[in-house]
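J.: Quick one: the structure is below, and I'll ask about it shortly.
Values quoted throughout were computed directly from the atomic coordinates according to the rules given, and no laboratory measurement underlies them. The shown structure was predicted, so the numbers you read here are calculated from the model rather than taken from an experiment. Cβ coordinates were reconstructed from backbone atoms using ideal geometry, including for glycine residues, and neighbour counts include every protein chain displayed.
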Amino acid sequence: MNQQAAITSAAQRAIAALFPSDRISADLPDRIAYSRDLWPRTLIGLREGQHRPFEPDTVVWPVSLDELRALIEVSIEHRFALIPFGGGSGVCGGAVAQNGGVIVDLKRLDQITQLCDVNLLADVQAGIIGQTLEDQLNVRGLTLGHFPSSIRCSTLGGWLATRSAGQCSSRYGKIEDMVDSVGFIDGTARYRRVDRANNRQQLEAIIGSEGVFGFITDATMRLAHLPQTRMFLAYRVPSVERGCEALRRILQAGLRPAVLRLYDELDTLLSSPAGDRSPSALSRATHALTHGGAGKALQNRLLSTALRKAGNLSRIGANLADRLRRGCLMIVGVEGDRALAEAEAAYCHEQIICCEGDRLDDEIGISWFENRYGVSFKMSPLFMANAFVDTMEVAAPWHKLMRVYRDVHQALSADALVLAHFSHAYTDGCSIYFTFVSRGSDRTGAQALYDRLWQSALAAADTAGAAVSHHHGIGLAKAEFMKAEHGHGMTTLRALKTVFDPHGIMNPGKLGL
Amino acid sequence: MSPETDLSTEVAAIVGATHLSSLESDRAEFSGLDPALVVWPKDGAEIAAILRLANRRRIHIAVRGGGTGSPCWRRPSSPVLGLSTRRMINIVELDSTSGTVIVQAGIRWSKLCDALEQHGLWTGLPRDAFGEATIGGLLADPPANAHSPSFGPLSELCVSTTVACADGSLLRSRTAPRRAVGPDVGRMLLGDRANVAILTELVLRTRQRPALIVPALQLFPTLRDALTAARAILQIGVRPTMLRVANQAQAAREIGPQNFSIPAVVGLELAGPQKMIDRALDKIDEIAAQHSGQTLPADLAADWYERTCSEYALDGHSTRLSHREALAAIGRFTDAGRRVWLDQFDAHRVNLWTESDEPTVDAVAMRGSRDDHWLAAIKAALDPHQVLLGAQSIE
Ligand SMILES: Cc1cc2nc3c(=O)[nH]c(=O)nc-3n(C[C@H](O)[C@H](O)[C@H](O)COP(=O)(O)OP(=O)(O)OC[C@H]3O[C@@H](n4cnc5c(N)ncnc54)[C@H](O)[C@@H]3O)c2cc1C
């Protein structure tokens, strides 16, 4: 039901009967505010006056499962779309009303309803903001261990719906590893509790479903004790290849350090704490590009010059990094019991040295930790300066990783400045997080270039054997790549859709469904 | 031509005349079903072709792996074809860089472990744990002991799958770690018991065989102390590859009757680099001491390890409980002569085993249940002609 008709006035009245006036709105400011998530494509439009790319008809803020169920029933009767909305921090256009409908903001479902420090399990409502949850757990000496850069503006439900990854994923796992059970209301208004022990198959179907099957209303999450100690080590390794080898050795030996991050040469140079601070023109230019450190006028000038030939800039940057033999920065963080963490750090050190790593000042790691959420929020100056920036995170087995790195890099480099880091590693593979910066002549040009970059990069990733997303999900942005990713598995996904959401009311168009 | 002959001609055209049988002895392998024919396909493509045939002719298919389980098939009225994966025993590819191995579903666990060992790899679960079971059978219907505190449940071994869907299509999921591309369809079909799809090929993640594997054994005055210490060990971040807690009667079995006076034990297996193991052992000693425990001699630990690894039998009834529930439940087992043990630990939950079902009734009440309504709906959507018989395990 992709082509939704606008909500009828009868439907509006039926919805209005369910919510008090302070928890429902069809006012223009709210419809504008909820007309996009943080998909960068819509930011390009926003800069040039396209304020409401996906305008919903109404926004509601439910506080109970009963309200949600009643809303679903009205939606089935009047046939309008429901779009679950957490923090709206998604970067793929997953929480938008593509063809009108009702945005269901779940942030009022924000309680920890039960916490057991024997089992280290907490029952939590899905709308809670990540940092609020973490703060409340920390007071009890506990942690969820999930630290996405967006922790202050994303919700538990959003994390589960998109299979999110935090910065300490090598120790605590991704969000799908932390969940013990979920409470879920499907598109027929049926509530079910889906647990790992008895219903693993169903849990696997709900996690990552991006709202297309129903609402995740609450979850039992696995916790850990707050670490007694936390240590950071920093290294310079000669190349991405050697750095990846070190990551692989550490994980395949069975170790689980909390943080393992490897920056490619250009990312090391530009955006990492060990980056080049020398006053060379390129360094200043690119630093200004990514950090917005220069004055506005200078920034604009630099951007125009630099990005006119973004591909060149990428190459110059890579060459420069090569010439200076800067190598790649690697940050290792260990935490937990002091003696165990020290032993882990010592083993990591041995492995990195075996891969020709040079130890750097620990301060670099500490500085990364202190600023760990910062860098993702420094993109606005680029948009203000008529450029755009986006990130693409893919995952591949170790034996395909270098090919994926090179091919995606190449696909993007012709038209963009490209940086990459490796920040979620497993025994069998790793994710690569590409950041690309470019600009077009005007909005239409910029959006066309943006689309082209995504198309060619995702195609390169797919051909090289990578999954098209490791933790941002699909939304609208990558919907057309679902066929390439799942092949005949799309039949199974469509079957799940008919089982959970036979009326087709839930978040239409996302996940290619 | 009888319908059976007709069927065998069509099946033979898919698998070759020598790979099917209507002999009583072969049919008897599908206990209680009496299939018209038994077929031994060589790969997923042949299975998919058989499924297409089954859809066309409206016949049912029952799947058999190593035959070590006790599947309980429902008896349909129309003819049944028994499908066994016994020819699908190949290691298709082994990638030592990613530590992944592609195997056909019919390979037996022990053979897989042996093959991995030759390449310096392992799964983290004991070779003798599931000896003659096939990897397809284990992943389609995981036994209750298929879990390691370090590696997680058996399903964690599996990175991706190739399955033959009930409609006769072949579905290969992408091999990449931890994708965020919607629900993980391939992994969703693990545990399916051949209800909507047949596992034909699996990509498994392995690890390098660790330089060192060390057993350790701690003695405790009560089962409660032992369980509390085991929980503390995990929650502090020690990741043993095996962890068991046993009461007096079970300990006597695991360690030997001469040690019958031991009230409760925690037994562990640690694997990894020497220094990591040393620190972990220090930590375990420290935690044991806090719960009135003490370390038992290394020879006793080695003896215990030998026995538990080779006699990994499932000779009891298990219930998965949270630690708090398990603590409450063991309070009921005051009779030291009745065997009680706990395994499949993680920091949050544990399996409680008892000799007989009867005393765990309360514990069972704490357990959730399978959502049969959902399973039936998925079955109807993906296997409209009910071609796959699926199997209900007898627990
Ligand atoms: C600056 C920045 C940094 C980021 N860093 C990271 C990072 O480190 N790691 C990472 O994984 N992601 C990161 N992201 C992406 C984003 O934060 C994640 O995708 C996050 O999981 C989205 O959560 P949310 O609550 O904002 O969900 P939303 O954006 O509101 O929604 C995302 C999708 O989930 C659905 N949804 C939301 N809640 C529910 C629910 N309760 N039930 C059913 N469906 C629901 C929506 O319909 C939508 O399809 C970052 C984003 C930004 C802007």
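J.: Quantify how strongly other chains surround peptide A:492-498 by giving the mean number of their Cβ atoms within 10 Å of each of its Cβ atoms. Intermediate results must be reported in sequence, preceding the final value.
T.: On the way: counts 15, 5, 1, 9, 9, 1, 4.
Taking the mean over all residues of the peptide, I get 6.
J.: Here is a follow-up. Given the convex hull of the Cα atoms of chain B, what is a quarter of its surface area in nm²? Write down the numbers at each step before the final one.
T.: Values: hull surface 82.5 nm².
Averaged projected hull area, Cα only: 20.6 nm².
J.: Sticking with this structure for a sec: Pick from B:LEU234, B:LEU296, B:LEU199 the residue whose mean-square fluctuation is largest in a GNM of chain B, springs joining Cα atoms under 10 Å.
T.: Most flexible of the set in this elastic network: B:LEU296.
J.: Among A:MET221, A:MET178, which comes first, then next, by fewest other beta-carbon atoms within 10 Å? Don't skip to the answer; put the middle values down first.
T.: Values: A:MET221 27, A:MET178 22.
By the 10 Å Cβ count, ascending: A:MET178, A:MET221.
J.: Now for a separate question. Suppose a student asked you for the relative contact order of chain A, using Cα pairs under 8 Å spaced at least 6 residues apart; what percent would you report?
T.: Working: 1071 pairs, mean separation 89.8, N = 513.
RCO, chain A: 17 percent.
J.: Same structure again: Taking a point 7 angstrom from the Cα of B:GLU132 along the C-beta vector, which residues in the stretch B:16-30 have backbone N less than 18 Å away?
T.: Only B:25-30 pass the distance filter.
J.: Residues with beta-carbon under 13 Å from that of A:MET506, excluding A:MET506: net charge, scoring Lys, Arg +1 and Asp, Glu -1?
T.: Working: positive: A:ARG79, A:ARG190, A:LYS497, A:LYS510; negative: A:ASP186, A:GLU210, A:ASP501.
After counting each charged neighbour, the total is +1.
J.: Right, something else. Would you pull out the residues with amide H under 5 Å of A:GLY208's amide H, same chain only if 5 or more places away, H placed 1.01 Å from N?
T.: Here A:ALA161, A:THR162, A:ARG163 satisfy the definition.
J.: Hey, another quick one. Under 28 Å from the Cα of B:LYS379, which lysines turn up, not counting those fewer than eight places away in the same chain?
T.: Output for B:LYS379: A:LYS483, A:LYS497, A:LYS510, B:LYS42.
J.: Whole-Hz Karplus ³J(HN,Hα) for the stretch A:125-130, in order, using 6.51 cos²θ - 1.76 cosθ + 1.60 and θ = phi - 60°, x for Gly and Pro?
T.: 6, 6, x, 5, 6, x
J.: What order do you get for A:CYS92, B:CYS165, B:CYS309 when you list them from fewest to most C-beta neighbours inside 10 Å?
T.: On the way: A:CYS92 25, B:CYS165 22, B:CYS309 15.
Ordered from fewest to most neighbouring Cβ atoms within 10 Å, A:CYS92, B:CYS165, B:CYS309 come out as B:CYS309, B:CYS165, A:CYS92.
J.: Helix A:296-308 versus the longest principal axis of chain A: what angle, 0 to 90°, nearest 10, using Cα atoms?
T.: Tilt relative to chain A: about 80 degrees.
J.: Over chain B, what is the relative contact order in percent, taking alpha-carbon pairs closer than 8 angstrom and at least six residues apart? Numbers along the way, then the final one.
T.: Values: 792 pairs, mean separation 69.3, N = 395.
Across chain B, relative contact order equals 18 percent.
J.: Here's another thing I want to ask about it. Mind sorting A:TYR235, A:TYR191 by how few other Cβ atoms lie within 10 Å of their own Cβ, fewest first?
T.: So the ranking, lowest neighbour count to highest, is A:TYR191, A:TYR235.
J.: Give me the net charge of B:GLY106's neighbourhood, meaning all other residues with Cβ under 9 Å from the Cβ of B:GLY106; Lys, Arg count +1, Asp, Glu -1.
T.: Details: positive: B:ARG86, B:ARG87, B:ARG108; negative: none.
Within the 9 Å Cβ shell, the charges total +3.
J.: I would also like to ask the following. Given the convex hull over the Cα atoms of the protein assembly as shown, what projected area results after averaging over all orientations, in nm²? Don't skip to the end; give the middle numbers.
T.: Details: hull surface 151.7 nm².
The directionally averaged projection comes out at 37.9 nm².
J.: Computed on alpha carbon atoms, what radius of gyration and Dmax characterise the stretch B:41-126, expressed in Å?
T.: Final numbers for Rg and Dmax: 16.3, 50 Å.
J.: Nearest 500 deg cm²/dmol is fine: what mean residue ellipticity at 222 nm does the protein assembly as shown get from its DSSP H runs of n ≥ 4 alone, each adding -39,500 (n - 2.57), divided by its residue count? All intermediate terms of the calculation are to be shown ahead of the outcome.
T.: Details: 34 runs with 338 residues, N = 908.
It comes out at -11000 deg cm²/dmol, rounded to the nearest 500.
J.: Straight distance only, please: which aspartates and glutamates reach the Cα of A:LYS478 with their own Cα at less than 14 Å, same-chain residues fewer than 8 apart left out?
T.: Within the straight-line cut-off, A:LYS478 pairs with A:GLU210, A:ASP390, A:GLU393, A:ASP451, A:ASP462.
J.: Determine the distance separating the Cα centre of the stretch B:221-236 from the Cα centre of the stretch B:17-80; give it in Å without decimals.
T.: Answer, in whole Å: 47.
J.: Which angle between 0 and 90 degrees, to the nearest 10, do you get for helix A:338-354 versus the longest principal axis of chain A when only C-alpha atoms count?
T.: 60 degrees
J.: Give me the inter-chain shielding for A:224-237: mean count of other chain Cβ atoms within 10 Å, whole number please.
T.: Working: counts 5, 4, 0, 1, 2, 0, 0, 0, 0, 0, 0, 0, 0, 0.
Per residue, the average neighbour count from other chains is 1.
J.: Report the label-to-label distance for B:ARG224 and A:ARG452 in nanometres (one decimal), using points 7 Å from each Cα along the Cα→Cβ vector.
T.: Those two pseudo-labels are separated by 7.3 nm.
J.: Further question: Tell me whether the stretch B:3-84 comes out rounded, prolate or oblate; compute the Cα gyration tensor, take square roots of the eigenvalues as a ≥ b ≥ c, and use a/c under 1.5 as the rounded threshold.
T.: rounded
J.: Excluding residues on the same chain fewer than 8 positions from B:LYS275, give the lysines whose Cα lies under 16 Å from its Cα.
T.: Within the straight-line cut-off, B:LYS275 pairs with B:LYS283.
J.: With axes computed from alpha carbons, what is the tilt in degrees of helix A:65-78 against the longest principal axis of chain A, rounded to the nearest 10 within 0 to 90?
T.: Approximately 70 degrees, to the nearest 10.
J.: Would the stretch B:89-186 count as rounded, prolate or oblate if I go by the C-alpha gyration tensor, calling it rounded below 1.5 in a/c and otherwise prolate when a/b exceeds b/c, oblate otherwise?
T.: Details: a/c = 1.40, a/b = 1.36, b/c = 1.04.
Judged from the Cα gyration tensor, the stretch B:89-186 comes out rounded (a/c under 1.5).
J.: Here is a follow-up. Over all directions, how big on average is the projection of the convex hull of the alpha-carbon atoms in the stretch B:212-364, in square nanometres?
T.: Working: hull surface 32.0 nm².
For the Cα atoms of the stretch B:212-364, the hull's average projected area reads 8.0 nm².
J.: Given points 7 Å out from each Cα along the Cα-Cβ axis, report the A:LYS378 to A:GLU48 separation in nanometres with one decimal.
T.: Label-label distance for A:LYS378 and A:GLU48, simple model: 2.8 nm.
J.: For B:SER160, which sequence-distant residues (separation of 5 or more, or a different chain) have an amide H within less than 5 Å of its own amide H, given hydrogens modelled in the peptide plane?
T.: The list, which skips near neighbours in sequence, is B:VAL203.
J.: Here is a further query. Provide the packing ranking of A:40-49, A:196-205, i.e. peptides ordered by the mean count of other C-beta atoms within 10 Å per residue, highest first. Mind showing how you got there, number by number?
T.: Values: A:40-49: 17.9, A:196-205: 21.7.
Result, highest mean first: A:196-205, A:40-49.
J.: Tell me whether chain A comes out rounded, prolate or oblate; compute the Cα gyration tensor, take square roots of the eigenvalues as a ≥ b ≥ c, and use a/c under 1.5 as the rounded threshold. Intermediate results must be reported in sequence, preceding the final value.
T.: Working: a/c = 1.88, a/b = 1.32, b/c = 1.43.
Since a/c reaches 1.5 but b/c is at least a/b, the shape of chain A is classed as oblate.
J.: Let me ask something else. Using each residue's phi in the stretch B:82-92, evaluate 6.51 cos²θ - 1.76 cosθ + 1.60 at θ = phi - 60° and report the 3J(HN,Hα) Karplus result to the nearest Hz, with x for Gly and Pro.
T.: For the stretch B:82-92, the Karplus-derived couplings read x, 10, 10, 8, 5, 8, 9, 10, 8, 8, 7 Hz, x marking Gly and Pro.
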